[in-house]
Amino acid sequence: MKITERLGLAVWVKDLKAARSLGRLGNIHYISKRLKYVYLYIDGSKADQTIERIKRMPFVTRVERSLRRELAMEIASKPLGLHRRA
């Protein structure tokens with residue numbers, strides 16, 4: 001079984017009822033009623049086409065990619081001196 005690369009998107013919407021239709025383009029992870037945004041995961045290989053398709057929807061105001069790929073995931077190699085070694 002091969003795990004496909006996925007990309008997280010934050011999609012700001014005008015109407016939350018219509019936002020449920022984003023589920024056919026990816027996996028909806030979270031819907032914020034107060035801030036009116038949807039966080040969903042899409043297939044990484046088709047990301048550009050899917051983002052353009054989402055932007056064209058009439059109820060969408062803004063689309064942002066997740067910045068998780070750009071974050072450094074390594075822990076600092078230099079000890080911080082907070083704990084003593086035994």
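Within the stretch 23-51, can you find the residues that are within 13 Å of Thr61 (Cβ to Cβ) and surrounded by 11 or more Cβ atoms within 10 Å (Cβ to Cβ)?
Matches in the stretch 23-51: Lys36, Tyr37, Val38.
Looking only at residues that are of a type in the set (D, E, K, R) and in a helix (DSSP H, G or I) in the stretch 13-47, which one is nearest to Ile3 (Cα to Cα)?
So, considering only residues that are of a type in the set (D, E, K, R) and in a helix (DSSP H, G or I), the one nearest to Ile3 (Cα to Cα) is Lys46.
Each reported figure results from applying straightforward, stated rules to the coordinates on display, with no laboratory input. Please read all numbers here as calculations on a predicted model, not as lab measurements. Note that each Cβ is placed from the backbone with ideal geometry, even for glycine, and that neighbours are counted across all protein chains shown.
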